[in-house]
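The values are calculated or read from the model by the stated rules, or taken from the named source; none is laboratory data. Not measured: the values here are computed from a predicted model. Please note: Cβ atoms are built from the backbone with ideal geometry, for glycine as well, and neighbour counts cover all protein chains shown. The accessibility values were calculated without ligands, DNA or RNA, using every heavy atom of the protein model including side chains. Shrake-Rupley method; radii C 1.70, N 1.55, O 1.52, S 1.80 Å.
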Amino acid sequence: MSNGHPTREEDFDLYALGALDGDEKRAFESHVATCATCSEKLSEAQGRMALLALAAPQVRPSPGVKESLMRQIVGSSTGRGGTLRVMPAKEPGAFAGWMWALVPLAGGFAGAIVFGWLHIMQLDKQIEALDNRVQEQNAQIVSEQSTIEVLAAKDTVVVSLAEQKQQPQGTARVLYNARRGMIVYNGTLPQAPPDKSYELWLVPTSGAPINVGVFESVNGVTNRVIATVPPGTPAKAFAVTLEPRGGKPAPTGPAVLVGPVS
């Protein structure tokens, strides 16, 4: 357990089945007694176990199985073998005896269902994690393909951004394809103060600067920003400013890097 809470969600189901024991069981009970959230999860698990037990199909044993069970009962109660009188189904008490004989069978079947269900839950989580990983990789592939297309396009312009006096020193360049409205920024800047962030801007030929993206920087590490603006936006320049942490909708801080579009 981490901070008292069970680290595995299946612990609630295992406890409801009686599969926890020893120190693990005692630690679980001690925590659940004082944690409303975990107590609620345990109640939900107990409800699931009850539903699964009810879902176990009824099995009607053959007369031979019933007779064998009854002989064992008679033998254990008298200390020796005894004569078994098989009761007709209509006799009082016969049905109850059959039900008690079915309890071990139903319990074992329900237990198998529960452990199979827990295994399926674990597999579902693994599959979900793999799906997320595939989606992330696909998104990365699409991003890289877009970057390659921008680099290869004949109408892509390369803009070098120059350092500004008395500002953090760094280097950067922007690749801009106005037809597609795609921007690729690569640059190196020193780490910004704790309360500041760098922000990239496209300065159009007319109108207010357009926010392209906010990024943090680590000394010696190249930052990459891939962004889009409305296709066909004419650019006069690109700039990086130092803004309050998280950025601003319009530039307010000093320009750190500036590059005109030739």
- prompt: Mind checking whether some residue in the stretch 240-257 is under 14 Å from residue 175 (Cα atoms) and modelled with pLDDT of 95 or more?
  reply: no
- prompt: Across the stretch 28-61, what is the number of residues that are open to solvent by 50 Å² or more (accessible area, probe 1.4 Å) and at pLDDT 80 or above?
  reply: 10
query: Looking at (1) more than 14 Å from residue 240 (Cα to Cα); (2) surrounded by 13 or more Cβ atoms within 10 Å (Cβ to Cβ); (3) out of contact with any helix residue (DSSP H, G or I) (no Cβ under 7 Å at 6 or more places or on another chain), can you tell me which one residue 163 breaks?
result: (1)
- request: For residues that are surrounded by 18 or more Cβ atoms within 10 Å (Cβ to Cβ) and either within 26 Å of the chain's Cα centre (by Cα) or over 21 Å from residue 122 (Cα atoms) (or both), tally how many sit in the stretch 14-27.
  value: 3
- line: Given the conditions (1) under 38 Å from the mean Cα position of the chain (by Cα); (2) over 27 Å from residue 140 (Cα atoms); (3) open to solvent by less than 70 Å² (accessible area, probe 1.4 Å), every one holds for residue 195 apart from (3)
- prompt: Going by the structure shown, is residue 218 of a type in the set (A, V, I, L, M, F, W, C) and in contact with a strand residue (DSSP E or B) (Cβ under 8 Å, 6 or more places away or on another chain)?
  reply: no
query: If residue 207 satisfies every condition in (1) open to solvent by 40 Å² or more (accessible area, probe 1.4 Å); (2) under 22 Å from residue 258 (Cβ atoms); (3) touching a residue at least 12 places away in the same chain (Cβ under 8 Å); (4) of a type in the set (Gly, Ala, Ser) but one, which is the exception?
result: (3)
